[in-house]
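Note sheet for the following structure.
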Amino acid sequence: MHFDPAFGDLATQMPKGLLALMKRAQGASKTIADDGLPRRSFLKMGVASGFALGAYPLLAGAQSPAPAAAPAGLKPFEQPAAFVRIDKDGAVTVTINRLEFGQGVLTALPMILAEELDADWAKVRAVHGDADGAYVDPAFGMHLTGGSGSIKRSYTQYRELGARARAMLVAAAAAQWGVEARTLRTENGMVMGAGGKSISYGDLSDAAMKMPVPEKVALKDPKDFRIIGKATPRLDARAKSSGTQSFGMDMQLPGMLTAVVVHAPVFGAKLKSVDDSAAKAVKGVTAVLRMPTDRAGEGVAVVAQGYWAAKLGRDALKLEWDTSAVEKVDSVAQLASYKALARKTGMVKIKADMGALAKAPKKISAEFTFPYLAHAPMEPLNCTVQVTGSGADAKAAIYLGTQMPGFDGMAAATVLGLPPQNVKVNVQMAGGGFGRRAVPTADYVVEACTVAKLAMAAGVTAPIRVMWSREDDIKGGYYRPMHVHRAEIGFDAKGKVLAWDHVIVGQSITQGTPFEGMMVQDGIDMTIAEGMREPYDVPMRLSIHHPKVNVPVLWWRSVGSTHTAYVMETLVDEIARATQQDPVAYRLKLMGDKHPRHKAALMLAVEQSGYGKRKLPKGQAWGVAVHESFDTVVAYVAEASVTKGVPKLHAVTAAVHCNLAVNPKTVEAQVQGAALMGLGTCLPGAAITFKDGVVEQSNFNDYVVARIPDMPRIAVHIVPSAEPPTGMGEPGLPPLAPAFGNAIAKLTGKTPRDLPFKLV
Amino acid sequence: MPTLNINGKDTLVDADPNTPILWALRDTLGMTGTKFGCGAGLCGACTVHVDGVATRSCSTPLSAAAGKKITTIESVASDAVGLAVQNAWVAHDVAQCGYCQSGQVMSATALLKGNKKPSDADIDAAMAGNICRCGTYARVRSAIHAAAATLA
């Protein structure tokens, strides 16, 4: 998801949005503190095998062996206690406040902290935080992995955490040696003093924790960095190459049962009849539960010993559905209605005078279509729920990969009827997500907790892992919305744009969710317009239609830019071609003397690719695109061919401007992966469609994703910078498809305007 | 109740012979290194070796493995090729989310056992059944070439 700073100071509005959600979830419960954060028990500290540095003031010392108080000015997420543990053997464990689901934060956040701590990197490891208050996003005040913001919004936080911990270690050494702290220096997990004296962080750990937590700390000059900026192997590489990494799906609790849920074939439909006699007869099936599901629909859960028994039980159910009260979407009709809407001006997002359009010497009239897309992370959705105790002592633990553990914990508490402090959220390593694990309705968490609650009512008290099959995932909704764009552009012979009238039709992602208050302005969901017009200073009128459709939608890696970048970058290219200008030179001309980061990225990609200098093999052409999303600019130069109507992307040269690249190895990986996912949106079959309200696709046979033969040769270059880093999880995706599309247009004279590409 | 040879050990599996190997491994034996991705032999996350052949365990019943040797990600590194592949995977930082990588490593190991010096085209053909949504394919290719080089 994307909280674009260009749309205003959202950070200040965020807690309000969170508070609204919590109030709704809780019926305005008294457990909400003034700042909107639940006052849960914070971290246990001072464990026998080592210690957590620093002190957390709200702990009131109850569980802590009298650590020195931190300055009152420090917020929970500014205190090293919750983030750094140093064992006697010198092992440094860093807690990350984000979900690791491929993007590399499990390595990059510890790198940032270890840099200022002067830790020995070989002794650094990392663990996930939970829904505790210390692990909120410091900018938004809620638990969130999204908007490519993990590094961007925690860079200074993690540097300061490391510097505070270091200062405490130095203070401890100074006290031990009877010298002034300023005479000491640190290196590689050691404090060093005059005359070759040295002591390891592990040996100082007990004493350091009793030192005051400094509020103000000096941070390093980036030129002195030893860890940040260095290509660093992932901390989870070995576990993830040997099958030893545990994911949410791998949860094993004593006596645990597995459940699968039949969802309504049409979103929100109800059951007419349930015949579960055959299902109950399946060996291993423990319970069959009729249950409420997402969007006020109904479904049936089959609880069993293991997935296979649950699946066989589910297959044996005989169900009749009542779909009479819900809209049954038909993709053909929906597309026609969107196209009709796109011919009318919608709610105006950007104003401009369109007077010059009618008389413009040259014109482009273009219509673009984009389908619904499923996220389809490799690990299907799952959530394990364990409820223990009863009455006032009832507690729940949920285990899941989630981008919003705070939201999900509140949702679980609501469903289970427990006070939020009695629900522990255990964040698990996630096998991808791309936005699907950040759901404002917490759909898969609500579902899992509903199953657990109904199972308990039926006398089943074992922990239950609720699993989605791939079919459940593909058919289960929360897609990137379908969109139609329409552009009427008037320009002169030199390519000067005189008027650009642009309409976008698509569902709002955030309307009706707790995010509406901060992300919908004047009826317009800001996510639909992000990536429009910039960096080109053209007179554009942009208007929006948000039809209501019975299809749940969600942010999908790079959100609005999944479609806006394609439209912008292919249209700009078309104007260049129509006026016989080089597309790179034309873009530079439009940018004028602004947008230095766009220009730096574009020119680096151009230089490195050999664009315009190197001769391509016969039948291949260059295609260029540049786009900023989540404050990072990515430029691609593509080399592509079209053979017998089949487009093929052979090679891509990428250049990235993400300011300081914390881990260049990860930056490269994120660009490679996002480029491939962007290419995936072009492949015929990469679409979710509906007939009679039912999703027509079901698995990877008919919902096409990119496979290894699709992977082009790719080289990634990074624009050098020492400025504070911007995000990398998403920005590599948007410019790939238009770069490819522009190469196809050069070869065929026609820009593909429908995604996925149709074979011609 | 079938007995299967898993990672060199005869193992009594308390499951119906029609149960896919994947669920016997994961749910019955608690061996979770082999992953569930699609349940239909379409994504390769569940790849194991049956008598050395890369096999989709989600759609292969236990009965089909009777009298054969099953190798899973848990023990693939006990042979030189599997170890070389795993080491190359680490050295090339292939994994992102990592969920598909057990299957990728198993498919790559099977490839290198039959083809000591695969070309990019060989790799693409052998690995096309293993989906990675994170898009680690570029590093998959280079890691396989590197593993091949260390084994040469």
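The values are calculated or read from the model by the stated rules, or taken from the named source; none is laboratory data. Source: prediction; values computed, not measured. Reconstructed Cβ throughout: ideal geometry from the backbone, glycine too, with neighbour counts over all protein chains shown.
Computed values, structure above
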{"quantity": "Meets criteria (buried (at least 22 other Cβ atoms within 10 Å of the Cβ), at pLDDT 95 or above and within 11 Å of another protein chain (Cβ to nearest Cβ)) for A:G248", "calculated": "yes"}
{"quantity": "Residues (closer than 22 Å to A:F491 by Cα and part of a strand (DSSP E or B)) located in the stretch A:342-374", "calculated": "A:V348, A:K349, A:I350, A:K362, A:K363, A:I364, A:S365, A:A366, A:E367, A:F368"}
{"quantity": "Filtered residue count, the stretch A:604-650, keeping only those that are among the basic types (K, R) and under 23 Å from A:P752 (Cβ atoms)", "calculated": "3"}
{"quantity": "Single condition B:A40 does not satisfy, out of (1) part of a loop (DSSP other than H, G, I, E, B); (2) at the interface with chain A (Cβ under 7 Å from one of its Cβ atoms); (3) crowded, with 22+ Cβ neighbours inside 10 Å; (4) in contact with a helix residue (DSSP H, G or I) (Cβ under 7 Å, 6 or more places away or on another chain)", "calculated": "(3)"}
{"quantity": "Test: A:T666 is at the interface with chain B (Cβ under 9 Å from one of its Cβ atoms), hydroxyl-bearing (S, T, Y) and over 18 Å from A:P371 (Cα atoms)", "calculated": "yes"}
{"quantity": "Filtered residue count, the stretch A:637-675, keeping only those that are of a type in the set (S, T, N, Q), under 22 Å from the mean Cα position of the chain (by Cα) and surrounded by fewer than 24 Cβ atoms within 10 Å (Cβ to Cβ)", "calculated": "1"}
{"quantity": "Number of the exception - B:A95 against (1) outside any helix (DSSP H, G or I); (2) within 7 Å of chain A (Cβ to nearest Cβ); (3) surrounded by fewer than 24 Cβ atoms within 10 Å (Cβ to Cβ); (4) small (G, A, S)", "calculated": "(3)"}
{"quantity": "Single unsatisfied condition, A:R541 versus (1) more than 14 Å from every other protein chain (Cβ to nearest Cβ); (2) surrounded by 21 or more Cβ atoms within 10 Å (Cβ to Cβ); (3) in contact (Cβ under 8 Å) with a residue 60 or more places away in the chain", "calculated": "(2)"}
{"quantity": "Qualifying positions in the stretch A:713-757 - within 23 Å of the chain's Cα centre (by Cα) and of a type in the set (G, A, S)", "calculated": "A:G727, A:G729, A:G732, A:A737"}
{"quantity": "Unique residue being under 24 Å from A:D130 (Cβ atoms) and surrounded by fewer than 22 Cβ atoms within 10 Å (Cβ to Cβ) when the list is A:K424, A:K363, A:K359", "calculated": "A:K424"}
{"quantity": "A:N382 vs. criteria within 14 Å of another protein chain (Cβ to nearest Cβ) and either modelled with pLDDT of 95 or more or surrounded by fewer than 18 Cβ atoms within 10 Å (Cβ to Cβ) (or both)", "calculated": "yes"}
{"quantity": "Sole exception among (1) under 26 Å from A:A529 (Cβ atoms); (2) assigned to a helix (DSSP H, G or I); (3) of a type outside the set (A, V, I, L, M) for A:P709, by number", "calculated": "(1)"}
{"quantity": "Exclusive hit being among the charged types (D, E, K, R), assigned by TED's automatic domain parsing to the domain that holds A:M192 and under 25 Å from A:A207 (Cβ atoms), set A:D137, A:D132, A:D89", "calculated": "A:D89"}
{"quantity": "Counted residues, the stretch B:80-97 - those being in contact with a Ser or Thr (Cβ under 8 Å, 6 or more places away or on another chain) and free of Cβ contacts under 8 Å to residues at least 40 places away in the same chain", "calculated": "3"}
{"quantity": "Strands (runs of 3 or more DSSP E) wholly inside the stretch A:112-225 containing at least 1 residues that are at pLDDT 95 or above and under 33 Å from the mean Cα position of the chain (by Cα)", "calculated": "A:124-128"}
{"quantity": "Matching strands (runs of 3 or more DSSP E) fully within the stretch A:243-293 where at least 1 residues are of a type in the set (D, E, K, R)", "calculated": "A:270-275, A:285-293"}
{"quantity": "Subset of the stretch B:23-33 (residues that are in a loop (DSSP other than H, G, I, E, B) and more than 7 Å from chain A (Cβ to nearest Cβ))", "calculated": "B:L29, B:M31"}
{"quantity": "Subset of the stretch B:18-37 (residues that are crowded, with 22+ Cβ neighbours inside 10 Å and without any contact (Cβ under 8 Å) to a residue 40 or more places away in the chain)", "calculated": "B:L22, B:W23, B:A24, B:R26, B:D27, B:T32, B:F36"}
{"quantity": "Subset of the stretch A:713-760 (residues that are crowded, with 20+ Cβ neighbours inside 10 Å and among the polar types (S, T, N, Q))", "calculated": "A:T726, A:N742, A:T751"}
{"quantity": "Subset tally (residues that are among the charged types (D, E, K, R) and outside any helix (DSSP H, G or I)) for the stretch A:394-426", "calculated": "2"}
{"quantity": "Yes/no for A:A686 being in contact (Cβ under 8 Å) with a residue 60 or more places away in the chain and in a loop (DSSP other than H, G, I, E, B)", "calculated": "yes"}
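The rows are residues; the columns are (1) over 23 Å from B:T150 (Cβ atoms); (2) surrounded by fewer than 19 Cβ atoms within 10 Å (Cβ to Cβ); (3) more than 7 Å from chain A (Cβ to nearest Cβ); (4) at pLDDT below 95.
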residue: B:C46; (1), (2), (3), (4): yes, no, yes, no
residue: B:S57; (1), (2), (3), (4): yes, no, yes, no
residue: B:K68; (1), (2), (3), (4): yes, yes, yes, no
residue: B:T72; (1), (2), (3), (4): no, no, yes, no
residue: B:G82; (1), (2), (3), (4): no, no, yes, no
